[in-house]
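Each remark here refers to the structure printed beneath this line.
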Amino acid sequence: LTGSLRLPVPGLIAAGPIYRGGGWFMLGLFGISTLLVGAAWCSQLCYFGAWDATAAQKSKNSPAPPWLPRLRLGVLALTVITALTLRLAGAPTVAALSCGLLLGLLLLPCALLVSRGRGYASYCLGLCPLGLLGRWLGRISPWRIRRIGPCSGCHACIRVCRQGAMTEKTLESGAPSTACHLCRDCAHACPKQSLAVTWFGRPSSAAWAGSV
């Protein structure tokens with residue numbers, strides 16, 4: 001609508017407004033969308049997240065290293081600092097755009113190779129700066145995965161979760177951890193259909209609950 005190009009790359013969405021000192025449309029759209037759909041932004045709206053999850057499904061699921069989620073905070077800090085430094089230094093748009101594209105185009109293939117080999121979503125868990133913002137905003141959203149029926153203890157939900165959100169500990173509590181992206185893989189895998197997306201604690205429709 002403004003006539004200005006807005007590239008929907010996670011690093012650029014976060015860093016662009018800081019570098020430009022304005023033009024908050026994409027980041028604002030991300031914030032509003034996340035408040036509406038919660039962490040499902042990462043699994044349902046982000047094509048990077050879809051690629052990462054698809055790659056992870058090619059291999060047997062394995063736990064992500066505990067330091068990986070902390071790495072994402074460092075990437076977010078680096079993204080913000082780099083954008084601010086480029087702005088203060090008066091770097092041309094081409095240089096700033098190159099840095100942003102380099103971040104996305106180099107890290108994503110590396111992450112996909114790790115995701116495919118290890119079975120967990122390494123880009124979403126450890127590299128995406130927007131994923132961390134989405135996780136924080138997702139806590140405000142009323143959408144949650146919750147257990148709404150008896151658990152057979154088959155651990156099917158744990159095996160299909162690529163975000164490390166479903167573990168034996170979280171399964172006992174009846175809900176995944178805050179790393180959940182609301183992808184509903186666990187709900188689809190549950191043989192008793194005991195997991196569902198809830199809204200303010202109330203089960204949603206059958207389509208969202210994961211039943212066929």
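The values are calculated or read from the model by the stated rules, or taken from the named source; none is laboratory data. Only a predicted model underlies this, so the values are computations on that prediction, with no experimental measurement involved. Heads up, the Cβs are rebuilt from the backbone with ideal geometry, glycines too, and the neighbour counts pull from every protein chain shown. Accessible surface areas use protein heavy atoms only, side chains included; no ligands, DNA or RNA. Shrake-Rupley method; radii C 1.70, N 1.55, O 1.52, S 1.80 Å.
Here are the numbers for this structure:
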read-out: Spacing of the two label points (7 Å from each Cα toward its C-beta) at W24 and L73, in nm; value: 2.5
read-out: FRET efficiency for T93 and R116, using Cβ-Cβ distance with R0 set to 30 Å, rounded to 0.05; value: 0.30
read-out: Cysteines, the chain, no other Cys beta-carbon under 4.7 Å; value: C42, C46, C99, C110, C124, C128, C151, C154, C161, C180, C183, C190
read-out: Accessible area (Å², 1.4 Å probe, nearest 10) - W136; value: 120
read-out: With all protein chains modelled, accessible area of V37 [1.4 Å, Å²]; value: 50
read-out: Accessible area, probe 1.4 Å, largest first, for residues L112, L171, L106, L71; value: L106, L71, L112, L171
read-out: Accessible surface of F48 - all protein chains present, 1.4 Å probe, nearest 10 Å²; value: 10
read-out: Helix-only mean residue ellipticity at 222 nm for the chain, each DSSP H run of n ≥ 4 adding -39500 (n - 2.57), per residue, nearest 500; value: -16500 deg cm²/dmol
read-out: At least 24 Å along the helix axis (C-alpha) and Kyte average at least -0.5, DSSP helices within the chain; value: 68-88, 93-118
read-out: Per residue accessible area of the chain, 1.4 Å probe, in Å²; value: 54
read-out: For the chain: relative contact order, % (alpha-carbon pairs under 8 angstrom, 6 or more apart); value: 25
read-out: FRET E, pair S173, I32, Förster distance 22 Å, beta-carbon r, rounded to 0.05; value: 0.15
read-out: Heavy-atom accessible surface of the chain: percent carbon and sulfur, 1.4 Å; value: 67
